[in-house]
1. Give the cross-link partners of Lys294 among the lysines, using a straight C-alpha distance below 22 Å as the criterion and excluding same-chain residues fewer than 8 apart.
2. Quick one: which of 98-105, 422-429, 324-331 comes out on top by average Cβ neighbours within 10 Å, and what's the full order, highest first?
3. Give me P(r) over region 3-214, computed from all C-alpha to C-alpha distances, binned every 5 Å, as integer percentages.
4. Give the calculated FRET efficiency between Glu140 and Lys294 to the nearest 0.05, with a Förster radius of 60 Å applied to their Cβ-Cβ distance.
5. What is the angle, in °, between the Cα long axis of helix 141-153 and the longest principal axis of the Cα atoms in the chain? Nearest 10 is fine, range 0 to 90.
6. What does the convex hull of the Cα atoms of the chain come to per residue, in Å³, rounded to a whole number?
7. So how much slack lies between Asp218 and Arg98, counting 0.36 nm per residue of separation and subtracting their Cα-Cα distance, in nm?
8. Taking the Cα atoms only, what angle lies between the long axis of helix 457-476 and the longest principal axis of the chain, rounded to 10 degrees?
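Only the coordinates and a few stated rules stand behind these numbers; no lab work does. None of these values were measured; they are calculated from a predicted model. Reconstructed Cβ throughout: ideal geometry from the backbone, glycine too, with neighbour counts over all protein chains shown.
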Amino acid sequence: MKIGTTQIMRSIDRYCIDILGIPGIVLMENAALKVMKNIPENNKNVVIVCSSGNNGGDGFAVARHLLNRGRGIYVEIFCLGSEENMSPDTLVNFNIIRNMGAKIIKVNNSKDLDILRESISHCDITIDAIFGTGISREIEGIYSLAITIMNETSKYILSIDVPSGFECNSGKVMGTCIKSNKTVTFELFKRGFLAGGSEPYTGEVVVESIGIPRSVVDKFHEDEYIMDIDFVKGVIKKRSKYSHKGDYGRTLILAGSQGFTGSAYISTQAAVRSGAGLVTLGCDSSIQSILSEKLVEAMTAATNDEKRLDSLITNSNCIAIGPGLGNNQGTLKLLRKVLLNSKCPVVIDSDGLNVLEGNLEILKNTTCPIVLTPHMGEMARISGFSIDEINENKIDIAKEFAKKYDVVLLLKGFNTIITDGKTLQINPTGSSAMASGGMGDCLTGIIASFISQGHDIFTAACVGAYVHGYSGDKLSKEMFCVNANHILEVLPFIIKEIQESR
């Protein structure tokens, strides 16, 4: 699913109207028909609240189609704003409704608001057609009061394109905002819908096409997507019946320290369970015996054995470094060694990220491909932005960081971001049921495993994030909380399920 912004949608509309010659009124009519598809026929009493902009024009067109349904449907139409300020296409649909003899109630004062409240209290569904994607200032006055009444009184709200009061790019509430049960948006999933806390305002989001040619969407789209199961199924490599363990790569996991053996175990076992051919855990000799007893399929090696470590670094197909190593000079030294000597991709997580604070230059002094997997706190430490700043502008900050340091960045959290600075994928899987220690270690091992099996680093990060979250989603249907060990148990089954999905 493609993601869009206000600017992209304006460019698409302008190109369709000015270059292709598609009249704006045609796009408005197509939008109205797609909204109609999402209004159940058993909704007999409908209130539509419009304004003078193009979003209001969509609403007037929807009102016309509802009136034409007949069969006992009762439609009340309210209008905020004056006819003088209506866009030309909106005015066309406004006049059609008026010429049909439909009553349009102008909302100008508290008495009109009382009528709106009374009408909504008796209706099955309220249709929000006040503000679209172009809102850029705080909502005040009669508009704010109308939105409050709609939220307080409606049984069910359907918003056209975006909930009124919702900033399309950031998901910010512009003073007040409609709390929709469903939002019918057009052509592209709006970037603001990805923001944490957006769901109470958007409700279910349905993306509908309104007849804009795909070539036009592709012309202005900025390579930002939301992954789905079909995408992941299409990129997971199928196994040949003639293949052997050597075909699925050598994975080296550098992890663990005193008191943090669990991190090393989880990341190593995740690489094993997601299909890597040969997996070796490199850890300090003080904990090697503990982990050797726990790990059945993976090998172990002591990182204080320089000769053995050098051989592993040179001969691996992917190296993951960081889980449970400790935020100290020893970890920084080990990371420098890996980045300077590795000929294969490197996945950096946890303490491998923490030691990058103030040392980001080492990312530029290496030739190996790099994947960074920070959570929000780690991203704040290494980037210099506050958590609040990142939350407000996650996509742009992530893309700029990945481009500047020539890495694949996987920014963990709600709607995990994966980007190489050019293309961006959003992972929709995973939930708060997975909010427990070890989950990030598990993801690190999965990504390293997919890289070892021959996926490029961007694809491996995308597939790893999706599989990890999808596993948690499946388990959480029957479990209150899902731990990393639960994910490890189901990984091979989940990957197979995705491969064979229809």
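1. Lys245
2. On the way: 98-105: 12.0, 422-429: 20.0, 324-331: 18.1.
Descending packing order for the listed peptides: 422-429, 324-331, 98-105.
3. Per 5 Å bin, starting at 0, the Cα pair percentages come out as 1, 8, 16, 22, 22, 17, 10, 4, 1, 0.
4. Numbers: r = 62 Å, r/R0 = 1.03.
Result of the calculation: an efficiency of 0.45.
5. 80
6. Numbers: hull volume 82.0 nm³, N = 502.
Value for the chain: 163 Å³ per residue.
7. On the way: separation 120, 0.36 × 120 = 43.20 nm, distance 3.83 nm.
Fully extending the segment from Asp218 to Arg98 adds 39.4 nm.
8. Between the helix axis and the principal axis of the chain, the angle is about 70 degrees.
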